[in-house]
Amino acid sequence: MTGCNRKLRHLASLLAVVSAALAACETAPKLQPAPIAEEAPVQPQLARERPRWPAAVTSVGDNGLNYLLIQGNPFELARVTLWVRAGIGRDRDSKPGLAELSARSLLVAARGLEPGSTLAEELHRLGARIDLRFEGEWVCFEASCQPQDTEKLARLLFGLVNQDAPSQDEIDLARAQVLSRYTTNFAELRRERAIERLLGEPGPNVALEQEAIKSYGSTEVRLFVGIHYRPNESYVVLQTPAALPGPEVLAKIPTIFAPWLKGQKLGDLALPEEVRPLGFVERDGKTTEVTAVLLSPTPAPLGSIAAQFVWQLFDRDGVAGLLRKRLDERGFREVMPITEDLDTGRHRIRTVRLEVDSERTTQLLDTLRAAFADLGVSDHGIAEFNRAKQRAWFLWDEVVVDSEERARAFARAKIYANVTDVDKRIQDELESMRDRTISRIATERFVPVFLVRGPLSARPRDAADLPVPKVTIATVLEESRIRPILGERAELQAIAKAGLERAAAVLGGRRSLQELSTMQWNATCEYQASIPIEEQWTIALPAGPRTRTRKILGSTVVTERKPGETVETFNRNRRVLSNAERAYFELESLTNPGALFALWAQKAHTLELEGRLEESGRSLLVYVLQLPTTKELRIGVDEENGLPRRMDTWAWRPNSVPQRVTWILGDYRGVGGLRLPHYAEKYVEGQIRGHQTITYPHADGVERSK
Amino acid sequence: MATPFVYAIAALVAGTSAIATIPAQAAQLPVERFVTSDGSVFVLMPRPARGIVYWAEWIRMGRKHESETQAGLAEACAIASLAGTTTHGTSSPEAEAELLQQLDTVRRALRTAEIQGRADGELAALRAEFADTKARCANLSDRFAYQRLLTSIPASALRLTPGVDGYLLESSCPTDRVDEFAVLLASRRKDAVLRGYHEILDEVRARLRRESEEPGASHRRALALTALEVDPLRRVLIPPPPKAPPIARTEALEFYRRHHDPSGTTTVIVGEFDPTRVKDQLGKIFVSSTAPTSMIQNDVLEPPQEGPRTKVLISSEPRLLWGWRPPDDARYDALEVLAEWLQRRLEREFVRERNVAKSVRVLPRFPGGGAPAPFVVELLANSYFDFGKLEIAARNTFETLEREGAPAKELQLEAATVLTDVRRVFENPRDMASVLARAVGRSATRSLPPTERTLEAAFALGKLVFSESKRTTVTTRPPADDEEANR
């Protein structure tokens, strides 16, 4: 009977909201302030009495936009949060980072309410703030302001999601913001991506994401925004003080968002993938860090506290629970587990991080596995059971008191489980919690996978390696321009000739270069977005075959230029390169200054002086090598000492604009009578991409014609 | 809701009894400051919080209080104090104390032997003795017992935030268990053992060294050393050397006890509770048979600055720092508004419009600094190519500011932003407790809500702060220039 009454009262309040909303506006519903809780919480088993706190009220607009209203006295500010199903979890595998770039581009491009003003200026004027947060498939624009400005803030948010596609300049600015965030948190982001790979999520590594982000233009962003930023896949969560901004303002909010056009329903993006139980990443140092990853035991993502309760049995702040017991038993008394909650591309997860001496890695893994197994079989005892319950309830109370966390928890409960009065549901659930539910929850919700980071000696036998490229992101090449040298033709020719002669002399002499018949070098390449690559080059001069043997992850790819065609061989597969690919291969084969100047000395190519370039305190004479395929290569020779210091060329990728590739050459050492570079940094469009360590295989490095 | 709080808190920070001095409008607010018989300062602020109280304790034990050889001691002591007390986490306090003393002696002997390069056999014997003593110690004690007791209350894990002039300790617990919670915290203050203190000190020192190598740290150090003559801030910015000698446990305990004198602590309790009952309980827990002694204040009076000062660093980083010593009576909230405004203006002008700087950072007060600490502007040029342009542009801007001051209309806009931030703090009892604890505990890391007077003060400071005679400039030259000059 009581349950029936509750339902009726709940229905009545919802009907009241809906009818009031319809009366306010023909096209959009109106929200009424929430009653101060529909029912008093019933909690006979718990010792302390809780005051009634406001529940949430929901409504749906004609365009499918969902509204959630939470009101109450503890709030000083108004919060308007827009949840749009356009988070990182909606990135396609081929477009990593597009969701984040799109959201940030919208923020950059958004306009203020007054003509000519920007969103940032308007927020500043109001003393308001919009924060961006990603949570699985969702992106949240969390806005807060003083209550009297709620309507203006809602208008700003509407303008944010309903604007024209951002321009290229605005996207570029957003891109810089994203990349700067990656630079700041690089180590942590890399760890998160390793965890994503363990969970079977298609999350790429950060470096790949970063590289991909550099290539997105307005078309990609426009398409993503057009498909995903739609009201029928979005929620507006309003949280305001009880008295302000008043019912008439709240009623206007749906009319503000009413012109937002409905879009197609979004389908699920990816099928669940297999979870890898154990991954290993190499890390320097004497200790090993083991991270146990659990799928979704976070408090109430589904309007349920069950997983949080079971977590309390497993671990309470690292000092109590089954995990502590096992750690103490196995001699890890000094080890303190650290718990963190993370949002990956697909899930909200909880991790427990422990650090031990590398020698004890396997023992720690066994201990962790045993602690998880204990959840399913142990008899927890009434005292422990009650402690876990009290603590779970206390933690939920803290979430409700925190105004930001409360808005998020209520929104999650609505989005994922369609629960409005999550506070009451949690209370009921906790009261009815029984011992038998624990093993079920432990099995369904706790899927432990382990990430081990430590020295190679600590690698567990059954661990899968997660290759993580080593990258440097911060370095940016100094932007310099080639300036033409002004002077008479004869004077220019003299400068050009002197520069080339000086370069040839410093590289070992013109005669040595002329006699060079074969040149070989090995390059160990460490690039972003790539695992290490080994390359071996063999070039027969002046016009003989050119071969590159590339070793990558144990496989060998051989590319060979033969008369008439250039062929790539990979195991038994053989492929003839296209004209563009062939031209690019030709360019790559000349990026060693020894080979380039040998060709010049043997009169196979000519180098023409283009101008002078000032860079990093050096003055470089820049020469151009014009190839028959219209592809060109520039080489900068140090005017002071004659060493080639810089090479510029272009890289092509299908369906994208050519990118400027710059090599900065250094570490010149003697090799068989020549002087050749042993280190080269690679920059793409001025941003560092990685480096090559170059060695020359033979004792003398080069072979000479008899 | 917020406005009455403003008065109440202003009165509290002024160090007076809130009830006695706040205006009539705010007098009805149940905010109370009282001192227990042992001299501990408490501030109670009841408000709806679902039966939870939030506890924030500010203790004046920070890097400023360390001597030259004690780098990292304050933070290490604070962390080690969470590993239990003589009454929590040990089966025999006397035996444990004796073993800890013994452990200290063996550690010292081992270190001396390592430095002197003694024979391997002797070193191995000392290491074995050390490991054995440590194991015996560990058998007597449980490092997590104290925190386990807190968790079972149930209270949230203690969160410790170290600062230069003190540290903040935060937690929360159900209202009906606040007395148990207070007993545990009182015990931490009085019965410290500092378990695992040496290892923690090593970690803290290693971190300080790492931080001192971060970009900009050398410039900030140079600014403090040039702008200040006697302030302890000069010293704490220098990282401990890699071979800094360990500090004996007895010295650490003495340091800890001295700075955990009740008169050096301020505790703020915000949440749902009956103030009379809580006051009564706290009065019984934080009790002393002797009269409270006030802690000796070691505030240092910095001599006045008579003219501009400049320091040139040779660095590959094109960084420019400007610091001004504000007037001694400058209001921190006004400085904060001024900093917010200047940050926005310089970002717009130097980064976005003129593209002469990569980043701008304005700090109302040098991190962790006390009263004479400079108002800091930190500019990073895109490259050395732009550095000269940036120097000229910055100098022109600050000269204009010295002449004309900050525009009142723009400052007004900043106040709106700061006010929203402050309301955000009021909304959240946890933040409220920590902000109040710092403010009442005399650590100026957070402003009070701005008022009309704040704006007036900020406007007045707009001219005073940027005075050339109070300025210190730390500029940079590239290493190549230095080589040329040497040649």
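The values are calculated or read from the model by the stated rules, or taken from the named source; none is laboratory data. Everything numeric here is computed off the predicted structure, so don't read it as measured data. Here the Cβ is made from the backbone with ideal geometry for all residues, glycine too, and neighbour counts use every protein chain on show. In case anyone asks, the SASA skips ligands and DNA or RNA and just uses the protein heavy atoms, side chains included. Shrake-Rupley method; radii C 1.70, N 1.55, O 1.52, S 1.80 Å.
Quick notes on this one:
- Spin-label zone in segment B:127-149 - amide nitrogen under 20 Å from a point set 7 Å from the Cα of B:Glu94 along the C-beta vector: B:136-142
- Relative contact order of chain B, pairs being alpha-carbon contacts under 8 Å that are 6 or more residues apart, as %: 23
- Within 10 Å of the Cβ of each residue in B:173-180, the mean number of Cβ atoms contributed by other protein chains is 2.
- Segment A:480-541 and segment A:379-430 have Cα centres separated by 68 Å.
- Overall form of segment A:139-200 per C-alpha gyration tensor (a/c, 1.5; a/b vs b/c): prolate
- Cα gyration tensor, chain B - rounded (a/c under 1.5), prolate or oblate: oblate
- Peptide A:384-395, shielding by other chains (average Cβ, 10 Å cutoff): 3
- For segment A:154-173 and segment A:59-130, distance of Cα centres in Å: 10
- Pairing chain A with chain B buries about 3600 Å² of accessible area. This figure sums both sides and uses a 1.4 Å probe.
- Taken residue by residue and averaged, Cβ atoms of other chains lying within 10 Å of the Cβ of B:378-385 number 2.
- Summing Cβ point charges (Lys, Arg +1; Asp, Glu -1) relative to the Cα centre of chain B gives a dipole of roughly 320 debye.
- Over 22 Å apart at the Cα level, from the set A:Lys262/A:Lys414; A:Lys95/A:Lys265; A:Lys214/B:Lys389, are A:Lys214/B:Lys389.
- Pairwise alpha-carbon distances in segment A:489-704 exceed 25 Å for 37% of all pairs.
- A simple packing score, the average count of other Cβ atoms within 10 Å per residue, orders the peptides A:318-324, A:254-260 as A:318-324, A:254-260, with the highest score first.
- Peptides A:115-124, B:354-363 ordered by average Cβ neighbours within 10 Å, highest first: B:354-363, A:115-124
- Segment B:309-486: antiparallel DSSP beta bridges as a percent of all, rounded to 5: 75
- When the alpha carbon gyration tensor of segment B:309-486 is reduced to an equivalent ellipsoid, its three semi-axes come out at 31, 17, 16 angstrom, largest first.
- Positive contributions from Lys and Arg (+1) and negative ones from Asp and Glu (-1), summed over other residues with Cβ under 10 Å from the Cβ of B:Ser263, come out at -1.
- For segment B:57-260: rounded, prolate or oblate by the Cα gyration tensor [a/c cutoff 1.5]: oblate
- The calculated FRET efficiency for A:Ala243 paired with A:Glu282, based on their beta-carbon distance and R0 = 51 Å, is about 0.30.
- Using the average count of surrounding beta-carbon atoms within 10 Å as a protection proxy, the listed peptides B:105-116, A:332-343 rank, highest first, as A:332-343, B:105-116.
- Estimated FRET transfer efficiency (A:Asp428, B:Asp280; beta-carbon r; R0 56 Å; 0.05): 0.95
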